[in-house]
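Down below is the structure, laid out as structure tokens.
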Amino acid sequence: MQHQSNTHTSVNPIPDFDLSKHNTLALPSKAEYFCRYKSISELLNLLAYANKEKLNIKILGGGSNMIVQPEVKGLVIQSAMTDVVKLSENDDSVIYAVDAGLTWHDWVLKSIKFCAYGLENLALIPGTVGASPVQNIGAYGVEVCQAIEEVRGIQISTGQWMSFSREQCDFSYRDSIFKKQFKNDFLITQVIFKLSKVFRPQTSYAPLKQMAEQFLSTTNVDANENAKSLSAQQVADWVINVRNSKLPDPQIIPNAGSFFTNPIIEKPQVDELLKQFPTMPVYPVANSTGKLVKVAAGWLIDQCGWKGKSLGLAKMHDQQALVLTLKPGASQQDLLSIQQAVQADVMNKFGIQLRPEPQPFY
Ligand code: EPU
């Protein structure tokens, strides 16, 4: 059964829509209704339709950071809008408005082609531009919030257009206002990025540093010119290589990237643990004045013997213990069983509670 709205542009939500190919964990799932929108007027009609039919709106991005449940009630909508518009520029920087439906990696590659820099370390992160601010995606020493100027969209409960400045987004490690006060109540339509016209390589992350040093030692340039001789595409290619060597391709092995966030714990607890486990990798937490420390969840899981270990149809990845992978036919229960077993072992050995990074979608 297909529905028609009586407004100007028709909307055709598909009932009983199979979401298994729309989530990177390939979990079996059916949406009550599903529809993609190609324009703002189609989106507004979908929202009006959902309101009229009393269907909850559920927003799907690239499906790379969610644990979809077997049944998703309501109307699942997905942006098919992918425009990139230059808004302004000056001598140092350039501002682009990017539609939420554009694939994140495509936007990274485009920005490099435009000679607009700051996103190259975030190459190959799965998902869409619209999802990027929600969990403040980050990798290799860079977080997307550093490049975000503004986030625009519609509050679902009120239908109001809203805009959030970077400060209002309340970004922190894998977190933002869109996971707190506005959780499930804000539909991001566009993200505004401020990028630099000057490329400043960010190669502090150990594997990138190694590659940069190796590259620069083989290029015949003056030491002062070293940084200049690195290109943004070069850094993006290294990131792509590192990711490909550690992280499984979700098209081949279902996964959602890091399955747990790196836990943030109080300094005294970390100091105690470091006495017992001196090689435990720890990182400072910005704006915590040294009181909080981030611990590498992958290392904790690895130490508990879970790297490459399976439980039922789920497995912690051989190259990176933080990545939970699923085998064909795996269910939500397989995922939950291994999640809980890993959490219990890490709690027993280190007294640390691991929290999943992907959000439930139901
Ligand atoms: N480690 C192990 N064993 C493992 C995995 C990691 O000992 O199986 C150790 C590593 O040797 C290293 C430390 O743990 O000393 C950290 O590992 P890594 O550098 O691989 O980074 P991560 O903290 O595990 C985070 C992000 C990744 C991002 C990388 C690189 C989170 C939850 N994950 O992983 O993001 O790519 O840093 O910046 O913050 C994602 O969010 O989906 C994701 C892939």
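In segment 149-217, which trypsin sites (Lys or Arg not before Pro) are in a loop and have at most 10 other Cβ atoms within 10 Å, using DSSP for the loop call? Don't jump to the answer; show the numbers that get you there.
On the way: sites: Arg152, Arg166, Arg174, Lys179, Lys180, Lys183, Lys194, Lys197, Lys209; in loops: Arg166, Arg174, Lys180, Lys183, Lys197.
Taking segment 149-217 and a limit of 10 other Cβ atoms within 10 Å, the loop trypsin sites (Lys or Arg not before Pro) found are Lys180.
Could you go through segment 235-243 in sequence order and give the Karplus-derived ³J(HN,Hα) for each residue, using 6.51 cos²θ - 1.76 cosθ + 1.60 with θ = phi - 60°, rounded to whole Hz, and x for Gly and Pro?
5, 4, 5, 5, 4, 4, 5, 4, 4
If we count every other residue with Cβ under 12 angstrom of Val151's Cβ, Lys/Arg +1 and Asp/Glu -1, where does the sum land? Write down the numbers at each step before the final one.
Values: positive: Arg152, Arg166; negative: Glu149, Glu150, Glu167, Asp170.
The answer is -2.
Only bridges with both residues in segment 1-103 count here: give the DSSP antiparallel percent, nearest 5.
Working: 9 of 19 bridges.
Bridges in segment 1-103 that DSSP calls antiparallel: roughly 45 percent.
Go through segment 216-323 and name the chymotrypsin sites (Phe, Trp or Tyr not before Pro) that are in a DSSP coil and have 10 or fewer other Cβ atoms within 10 Å of their Cβ. Write down the numbers at each step before the final one.
Details: sites: Trp238, Phe259, Phe260, Trp299, Trp306; in loops: Phe259, Trp306.
Answer by residue number: there is no such site.
Kirkwood Rh over alpha-carbon pairs of the chain, then Stokes-Einstein at 20 °C and 1.002 mPa s: what D in µm² s⁻¹, rounded to an integer? If you can, show how the numbers build up before the last one.
Working: Rh = 22.0 Å.
The estimated diffusion coefficient comes to 98 µm²/s.
Of the candidates Gly290, Gly351, Gly305, which one comes out as most mobile in a Gaussian network treatment of the chain with C-alpha springs shorter than 10 Å?
Answer for the Gaussian network model of the chain: Gly290.
Which value in deg cm²/dmol, rounded to the nearest 500, describes the helix-derived mean residue ellipticity at 222 nm for the chain, given -39,500 (n - 2.57) per DSSP H run of n ≥ 4 and division by the residue count? The partial results should precede the final answer.
On the way: 8 runs with 92 residues, N = 362.
Mean residue ellipticity, 222 nm, calculated: -8000 deg cm²/dmol.
Starting from the Cα of Lys209, draw a straight line to each of the lysines and keep only those under 22 Å, dropping any in the same chain fewer than 8 residues away.
Lys228, Lys246, Lys294
Straight-line reach from Lys183: which lysines have Cα under 20 Å away, leaving out those fewer than 8 places along the same chain?
List returned: Lys54, Lys58, Lys73.
Summing +1 for each Lys or Arg and -1 for each Asp or Glu, what net charge is found among the other residues whose Cβ lies under 14 Å from the Cβ of Ser245? The partial results should precede the final answer.
Working: positive: Arg243, Lys246; negative: Asp237, Asp249, Asp318.
With Lys, Arg at +1 and Asp, Glu at -1, the net is -1.
Just to be sure I understand: of the beta bridges DSSP finds with both ends in the chain, what percent are antiparallel, rounded to 5? If you can, show how the numbers build up before the last one.
Working: 47 of 60 bridges.
Given both bridge residues lie in the chain, the antiparallel proportion sits at roughly 80 percent.
Sort the following peptides by mean Cβ neighbour count (other Cβ atoms within 10 Å, averaged over residues), highest first: 17-25, 327-335. Walk me through the numbers on the way to the answer.
Values: 17-25: 18.2, 327-335: 15.3.
Result, highest mean first: 17-25, 327-335.
How much length would be gained if the chain were fully extended between Asn241 and Phe215, taking 0.36 nm per residue of separation minus their Cα-Cα distance, in nm to one decimal?
On the way: separation 26, 0.36 × 26 = 9.36 nm, distance 1.43 nm.
Gain on extension, Asn241 to Phe215, equals 7.9 nm.
How much net charge surrounds Ser258 when only the other residues with a Cβ under 10 Å from the Cβ of Ser258 are counted, with Lys and Arg +1 and Asp and Glu -1?
Details: positive: Arg174; negative: Glu357.
Charge balance near Ser258 sits at 0.
I want to make sure I understand the PRE zone here: with the label point 7 angstrom from the Cα of Gln251 toward its beta carbon, which residues in segment 118-137 have backbone N atoms less than 20 Å away?
122-129
Rule-based calculations on the coordinates, nothing more; no lab input. Predicted model, so just to flag it, every value in this text is computed and none were measured. Here the Cβ is made from the backbone with ideal geometry for all residues, glycine too, and neighbour counts use every protein chain on show.
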